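Student: Here you go, one structure.
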Amino acid sequence: VQLQASGGGLVQAGGSLRLSCAGSGSIFLFNEMGWYRHRPGKEREFLATMTSLGAITYASSVKGRFTVSRDSPKNTVYLQTDSLRPEDTAVYYCYAMEHPGDSPSWGQGTQVTVSS
């Protein structure tokens, strides 16, 4: 399984970015796809996940500002990030699990930088 993340960049506080993560290398519909981020000096942080049946979970820190969605037949997951803050600056990583309980596969990360 390979995951290719894109869509990061430099944005001013209050702005938006749409991150994408395209999966390949599997004949299966990924059971779960989602996003984490790694901020400087912090632990890796869960952000959002969406199952192939449409169940969604958000971290409380981003609920209401970030929106996860999927194009399931394409094994692609998106993260719409709105009302960005300087503290959202991080490398954003997508992940996918083909089946429940699998170890996740990870994308290469995309940098999001929010200026004040």
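Student: Could you give each residue of segment 85-102 its phi-based ³J(HN,Hα) in whole Hz, using Karplus coefficients 6.51, -1.76, 1.60 with θ = phi - 60°, and x for Gly or Pro?
Tutor: 10, x, 6, 7, 4, 5, 8, 9, 10, 9, 9, 8, 10, 5, 9, x, x, 5
Student: Let me ask you something else. Where nothing but the Cβ of Lys and Arg (+1) and of Asp and Glu (-1) is charged, how large is the charge dipole of segment 16-116 around its Cα centre, in debye to the nearest 20?
Tutor: It works out to roughly 260 debye.
Student: In whole Hz, what ³J(HN,Hα) sequence does segment 36-52 give by Karplus (6.51, -1.76, 1.60; θ = phi - 60°), x for Gly and Pro?
Tutor: The phi angles translate into 10, 9, 10, 8, x, x, 10, 6, 4, 10, 5, 10, 6, 8, 9, 8, 5 Hz.
Student: Taking amide H positions as placed 1.01 Å from N in the peptide plane, with prolines and chain starts having none, which residues 5 or more places from Phe66, or on another chain, fall under 5 Å of its amide H?
Tutor: Under 5 Å from the amide H of Phe66: Asp82.
Student: Tell me, what HN-Hα J-couplings in whole Hz come from the Karplus equation 6.51 cos²θ - 1.76 cosθ + 1.60 at θ = phi - 60° for each residue of segment 22-32, using x for Gly and Pro?
Tutor: 9, x, 8, x, 9, 8, 9, 6, 4, 5, 9
Student: So which GluC sites (Glu not before Pro) in segment 1-95 pass both tests, a DSSP loop state and at most 12 other Cβ atoms within 10 Å of the Cβ? If you can, show how the numbers build up before the last one.
Tutor: Numbers: sites: Glu32, Glu43, Glu45, Glu87; in loops: Glu43.
Sites meeting the loop and neighbour criteria: Glu43.
Student: For a quick check: with amide H placed at 1.01 Å from N, whose amide H comes under 5 Å from Gly15's, ignoring anything fewer than 5 positions away on the same chain?
Tutor: For Gly15, whose amide H was placed from the backbone, the distant partners under 5 Å are Leu84.
Student: Taking amide hydrogens as modeled 1.01 Å from N in the peptide plane, which residues meet the under 5 Å criterion relative to Thr76, leaving out close sequence neighbours?
Tutor: For Thr76, whose amide H was placed from the backbone, the distant partners under 5 Å are Gly23, Asp71.
Student: With a 10 Å cut-off between alpha carbons and a GNM built on the chain, which of Ala48, Ala22, Ala59 moves the most?
Tutor: Ala59
Student: Still on this structure, I have one more. Rolling a 1.4 angstrom probe over the protein heavy atoms, how many square angstrom per residue are accessible across the chain?
Tutor: 51 Å²
The values are calculated or read from the model by the stated rules, or taken from the named source; none is laboratory data. Quick caveat: nothing in here was measured; it's all calculated off a predicted structure. Using ideal geometry, Cβ is built from the backbone for each residue, glycine included, and neighbour counts are taken over all protein chains shown. SASA here: full protein model, heavy atoms, side chains in, ligands and nucleic acids out. Shrake-Rupley method; radii C 1.70, N 1.55, O 1.52, S 1.80 Å.
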